[in-house]
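A short worksheet on the structure shown next.
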Amino acid sequence: ERLAEGYGESRQSIGLSGNNSVMEVFASEETGTWTITVTMPNGMMCLVASGQSYETLAEELETAADTAL
């Protein structure tokens, strides 16, 4: 709620990290701010990093087979 109300950020991605922690990326396309959090299995959430100039990318990554040609 704090990220949404204070910065207009919403969750952009989520993933399972080491020791069953949940990593989330929140960002705002309008303001460009972003925040990365990790939530531990016990429910404690830690802010890991934050910044500006967030952009959504939709680029295709090359595979090892593509670079071997």
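Here are the numbers for the structure shown:
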{"item": "Enumeration of residues in region 34-46 that are over 11 Å from the mean Cα position of the chain (by Cα) and at negative phi", "result": "39, 40, 41, 42, 44, 45, 46"}
{"item": "Matching entry among 21, 10 (being touching a helix residue (DSSP H, G or I) at 6+ places or on another chain (Cβ under 8 Å) and of a type outside the set (Asp, Glu))", "result": "10"}
{"item": "Region 1-46 - residue that is in a loop (DSSP other than H, G, I, E, B) and small (Gly, Ala, Ser) and, of those, farthest from residue 57 (Cα to Cα)", "result": "43"}
{"item": "Among residues of region 47-69, those that are open to solvent by less than 80 Å² (accessible area, probe 1.4 Å), part of a loop (DSSP other than H, G, I, E, B) and closer than 20 Å to residue 25 by Cα, counted", "result": "1"}
{"item": "Members of region 3-39 found to be open to solvent by 30 Å² or more (accessible area, probe 1.4 Å), out of contact with any strand residue (DSSP E or B) (no Cβ under 6 Å at 6 or more places or on another chain) and of a type in the set (Val, Ile, Thr), listed by number", "result": "31"}
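The values are calculated or read from the model by the stated rules, or taken from the named source; none is laboratory data. Quick caveat, the model's predicted, so the values are computed rather than measured. Cβ sites come from the backbone with ideal geometry, for glycine too, and all protein chains shown count toward neighbours. Surface accessibility is based on the protein's heavy atoms, side chains included, excluding ligands, DNA and RNA. Shrake-Rupley method; radii C 1.70, N 1.55, O 1.52, S 1.80 Å.
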